[in-house]
Amino acid sequence: MEFVRNKTLEKLKYDLVRDNLIKYEDLEIAEQVASVQNVNIGQVLISSGIITEEKLLKFLENKLHIPYVNLDDYSLDKKCLSYINFNNAQKYKVIPLFEIEGILTVAMSDPLDLFAIDKIVEDAKCEIEPVISSENAVLKKIEEYYSSNNTVGQIFIDENRPKYDWREVLNSENVSSSLSDEHIQKLIRAILKQAITEDIHELFFEHVQNGLSVTFRKDSQNILTGEIPGILTSAFIAKLKTLSNLDPSVSELPQLGKLSFKVDNTALIASISAFPTIHGERISIKIYKPPKKLQDIKGLDTKKINTIKASIQQPGIILVCGSGLSGKTHMIYSILSDIATENKNVMTIESITKYNLENVNQCELNEHIGFNLDKAMRFIEFQSPDILYFEGITTKEGLDYFTSLVFKNKTLITEFLAENIADLMKKLSLNEFSMFKSTLSCLIFIHNKESVEVFDKQALEKYFG
């Protein structure tokens with residue numbers, strides 16, 4: 001797959017240098033970073049502070065003689081949404097504004113993308129007149145105006161009804177109605193609702209003889225909750241994938257996506273993993289709740305919080321450990337939220353970003369386009385992070401690289417799977433972890449929701465020598 005391009009900026013990027021808006025050296029670095037992160041060069045120039053979005057948009061307006069529209073307080077004509085479907089709006093970063101006498105005015109971040117314009121003309125079957133708007137503003141409006149048809153929808157929990165069974169929704173319609181898009185979304189909502197009600201953080205779907213089994217995972221045990229009939233299986237998987245921005249036409253390759261939904265007034269995110277098996281795709285969902293403030297986490301008292309905060313202020317590795325689904329990622333997000341300030345460059349390298357954190361530069365890997373951990377390692381230092389969170393490393397080379405950043409005065413946060421302290425000590429006793437152990441400044445071990453241990457460097461030296 002090609003890297004994300006902005007044809008307008010590709011054509012005019014040297015004019016930015018000639019007009020003394022940016023330096024040539026900055027342009028070269030921005031191009032490298034854009035290629036690695038699979039974003040367009042404009043995003044890099046703005047996020048790096050090389051040029052403000054306002055200046056860049058004004059520059060484009062003057063060069064192209066195409067008007068700029070600020071979408072922040074703009075109300076679109078909803079009737080025009082039918083001209084451009086949701087997938088193309090997202091793909092080409094374009095949204096229709098209004099239509100007058102057969103001419104559809106659309107806001108675009110890349111008005112010189114002639115392929116996109118041709119595709120929109122083909123779909124809309126009318127003449128197109130583009131205006132310039134910021135990419136973020138366009139995407140925000142797409143989310144706002146198309147969301148009603150392309151999200152799970154809001155889930156409401158009835159506290160007076162603690163027991164809930166998703167199969168009630170499954171059986172509430174006849175066969176013809178149950179195949180409708182609306183009913184499939186209701187079914188997805190119902191399964192998620194039962195999972196949330198029962199405090200389930202992981203569930204999965206597997207092909208069985210008569211359809212698709214729905215299994216909840218709790219306390220390392222798999223609990224079968226029911227089966228989706230075979231007649232609904234294809235429609236159910238396709239809708240779940242579409243909502244998670246996965247390709248429903250692909251079933252032979254692994255895919256990783258993200259599903260956003262609301263429970264009451266709380267926004268939740270779930271990672272969606274589709275993996276091919278000889279019986280059909282196995283789909284796993286992991287639900288992540290919003291991070292709490294450190295002082296609101298049970299098992300953390302003031303002394304433990306102070307130990308964590310003191311460790312953040314010095315080079316070293318903060319290691320968060322626990323069993324599967326113990327809340328390691330939730331703890332790390334709480335730490336990141338607490339330490340993120342405009343005075344520190346806090347960055348993450350993640351397979352899936354679970355929540356958007358203020359003042360944290362979050363990076364999401366994408367193996368599908370070749371943006372893997374290896375490339376992230378090669379370029380992350382150009383961003384000069386002060387504090388860096390990276391998910392569990394699976395290779396010794398990766399572990400050694402991130403450990404070496406401690407000697408460059410970086411503070412690192414990562415996680416490790418271990419059933420108990422003895423299990424952790426056994427794993428860290430391997431030779432591969434010798435340098436890693438020597439750079440540990442803090443260990444947070446989550447035994448359960450009520451019990452968290454925190455060890456500072458002095459205590460760690462006592463345990464590990």
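Out of the stretch 308-328, which residues are under 30 Å from E202 (Cβ atoms) and not in a strand (DSSP E or B)? Break it down stepwise before answering.
Of the stretch 308-328, the ones under 30 Å from E202 (Cβ atoms) are 308, 311-312, 317-328.
Listed by number, the residues that qualify are I308, S311, I312, S323, G324, L325, S326, G327, K328.
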Quiz item: Can you tell me which residue in the stretch 1-34 is modelled with the lowest pLDDT, limited to those that are acidic (D, E) and within 19 Å of F371 (Cβ to Cβ)?
Solution: E2
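Filter the stretch 115-134 for residues that are farther than 15 Å from L97 by Cα and small (G, A, S) and give the result. It would help to see each step written out before you state the result.
So the first thing to find is which residues in the stretch 115-134 are farther than 15 Å from L97 by Cα, and the list is 115-116, 118-119, 122-123, 125.
Residue satisfying the conditions is A116 alone.
Quick check, is F205 more than 23 Å from K449 (Cβ to Cβ), over 20 Å from the mean Cα position of the chain (by Cα) and either assigned to a strand (DSSP E or B) or not hydroxyl-bearing (S, T, Y) (or both)? If you could, list the steps in order and put the result at the bottom.
Values: more than 23 Å from K449 (Cβ to Cβ): yes; over 20 Å from the mean Cα position of the chain (by Cα): yes; either assigned to a strand (DSSP E or B) or not hydroxyl-bearing (S, T, Y) (or both): yes.
For F205, the condition - more than 23 Å from K449 (Cβ to Cβ), over 20 Å from the mean Cα position of the chain (by Cα) and either assigned to a strand (DSSP E or B) or not hydroxyl-bearing (S, T, Y) (or both) - is met.
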Exercise. Scan the stretch 78-122 residue by residue and report those that are part of a loop (DSSP other than H, G, I, E, B) and loosely packed, with under 14 Cβ neighbours inside 10 Å.
Key: E101, G102
Quiz item: Which condition does Y288 not pass, out of (1) touching a residue at least 24 places away in the same chain (Cβ under 8 Å); (2) under 18 Å from the mean Cα position of the chain (by Cα); (3) surrounded by 17 or more Cβ atoms within 10 Å (Cβ to Cβ); (4) over 21 Å from I413 (Cβ atoms), if it passes all the others?
Solution: (4)
Quiz item: If only one of E342, E358 is surrounded by fewer than 20 Cβ atoms within 10 Å (Cβ to Cβ), modelled with pLDDT under 90 and within 21 Å of I297 (Cα to Cα), which one is it?
Solution: E358
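The values are calculated or read from the model by the stated rules, or taken from the named source; none is laboratory data. Since we're looking at a predicted model, the values are computed, not measured. Don't worry about glycine lacking a Cβ; one is built from the backbone with ideal geometry, like all the others, and counts go over all protein chains shown.
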